[in-house]
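Student: Pasting a structure here, questions to come.
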Amino acid sequence: MTLKENGGLPAGLLWTLAVMAGVTVANLYYNQPLLGMMRADFGITDFQANMVAMFSQAGYALGLFFIIPLGDMFRRKRIIEVNFVLLVMSLLTISLASDFRVMLAASLVTGVCSVVPQIFIPIAAQFSTPQTKGRNVGIVLSGLLTGILASRVVSGLVGDLWGWRAMYGIAAVLMVCGAVVTMRVLPDIAPTFRGRYAALMKSMFSLVREFPQLRVYAGRAGLGFGSFLSLWACLAFRMAQEPYCAGSDVVGLLGLCGVCGALSASFIGRYVKRFGVKRFNYLGCALMLAAWSSLFWAQDSYAGLIAGIILIDIGMQCIQLSNQTSMFDVSPGAANRVNTIFMTTYFVGGSLGTLLAGAAWSLGEWSGVVCVGVFLSLLSLTLTVFTKY
């Protein structure tokens, strides 16, 4: 199969990219419902357990910055193949780890190598027709979001039945299957950049300097994602308290509430150009602030938690997809590098939110977490208010 830029993406390949994006990104989020179990197993504090999630997110940011640009320089199938091999090894290491430091190191590697979906997204953007680009990017992102949701549900249930280590053994098997499928269906795409790695990386800084809208798009999405992850970084700790006293299975099932966000992704992708990126960012920030209000004032009821999770998920998709779709229009020939700029900033913001939420939980428990979420949402809103993009 040969793909032509802006020539159209076969439906079979598109849906394969969407499914595999979800299966791969799930590796980052298995830990969220399991943090309480990890804490008990290793005999560590809440803050230390939260470091597992933070290391995974930080690793993802590193992988985005140093690996994804290679998609413009080398054949993408080879990059994906190497990442799958390393993922299998790191996931098995987590499953067998007896030392918490080994656990953190393997979590970092898992985050670095779970960037495969961010190679798929530029493929969807680069080879779709202009009329279907937003929709197709939205479909791949819907698959990615579904993987995030399913990961929390599955890991919560598996953790409750067989313990948290079993989840990472299963994840390693899934990566073996994912590698086989991806290698069979993905065409061999020729690189678009000729030169050395140093020149490739330098060109990204040139893009950031040349296009200020890239800084705005990436910055406000990263802050929004930090607010979003503040919730999930500490939800397991809140659910372990009164009046819930719930385990990992309930935390995982709460992830299903985010299905509204996953379903909204393809819809948002269709209408970004019609209504404009700024309007979607205003809407997204408003929904996230409403979510945190519900999560604070109705924190002792499942209705309040569910409403908050639904609102924050839809709000996050309004922010992410509107900014990410707009990013690809800035410099289509540098799709992987543009995506690197966006997603690295995005996950740096996520890591910041996870770190701040963990510290806030140690100081003020759930009220502290809510303050972090509101603060990051307001920062994202500020970038929209005071810029023209």
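Student: At 222 nm, what helix-only mean residue ellipticity would the chain give, in deg cm²/dmol to the nearest 500, using -39500 (n - 2.57) for each DSSP H run of four or more?
Tutor: -27500 deg cm²/dmol
Student: Going highest first, how would you order 197-203, 152-158, 292-298 by mean Cβ packing within 10 Å?
Tutor: Taking the mean over residues of other Cβ atoms within 10 Å, the ranking is 152-158, 292-298, 197-203.
Student: Sticking with this structure for a sec: Nearest 20 debye, what's the magnitude of the dipole of segment 11-385 about its Cα centre given +1 on Lys and Arg Cβ and -1 on Asp and Glu Cβ?
Tutor: 1480 debye
Student: Which length gain, in nm to one decimal place, applies between PHE47 and VAL185 when the Cα-Cα distance is subtracted from 0.36 nm times their residue separation?
Tutor: The span from PHE47 to VAL185 would gain 45.5 nm if fully extended.
Student: Against the longest alpha carbon principal axis of the chain, how many degrees, from 0 to 90 and to the nearest 10, is the axis of helix 117-127 turned?
Tutor: 30 degrees
Student: Out of ASN50, VAL23, SER362, whose Cα points farthest toward the positive end of the dipole of the chain (charges: +1 Lys, Arg; -1 Asp, Glu; placed on Cβ)?
Tutor: So the residue we want is VAL23.
Student: Let's test the formula: R0 of 51 Å, r as the Cβ-Cβ distance of THR382 and SER98. What FRET efficiency results, to the nearest 0.05?
Tutor: E between THR382 and SER98, to the nearest 0.05, is 0.65.
Student: Right, here's the next one. Using the beta-carbon distance between SER331 and VAL176 and R0 = 30 Å, what value does 1/(1 + (r/R0)^6) give for FRET efficiency, to the nearest 0.05?
Tutor: E(calc), rounded to 0.05, equals 0.25.
Student: Relative to a virtual label point 7 Å from the Cα of TYR244 in the Cα→beta-carbon direction, which members of segment 150-179 show backbone nitrogen distances below 18 Å?
Tutor: Inside the label zone: 150-161.
Student: So, by mean Cβ neighbours within 10 angstrom, what's the order for 40-47, 371-378 with the highest one leading?
Tutor: 371-378, 40-47
Student: What are the equivalent ellipsoid semi-axes of segment 7-48, built from the alpha-carbon gyration tensor (square roots of five times its eigenvalues), in whole angstrom, biggest first?
Tutor: 38, 8, 5
Student: Would you calculate the separation in nanometres between label points at ALA359 and GLU210, each defined as 7 Å from the Cα along the Cα-to-beta-carbon direction?
Tutor: 3.7 nm
Student: Follow-up question, since we're still on this one. Under the 0.36 nm per residue contour assumption, what length would be gained going from the current alpha-carbon distance of ARG78 and ARG194 to full extension?
Tutor: 40.1 nm
Student: Which pairs break 21 Å Cα to Cα here: LYS202/LYS278; LYS273/LYS388; LYS133/LYS278?
Tutor: Long pairs (Cα-Cα over 21 Å): LYS202/LYS278.
Student: Could you check the spin-label model distance between GLN131 and ALA298? Points 7 Å from the Cα along Cα→Cβ, value in nm.
Tutor: Roughly 4.3 nm, to one decimal.
Student: Further question: Read through the labelled values [x] 1.01; [y] 0.92; [z] 1.19 and report the label of the one computed as Cα Rg over 2.2 N^0.38 Å from the structure.
Tutor: [y]
Read the figures in this text as sums done on the coordinates, not as results from a lab. This one's a predicted model, so the numbers in the text were calculated from it and none came from an experiment. Note: ideal-geometry Cβ built from the backbone for every residue, glycine included; neighbour counts use all protein chains shown.
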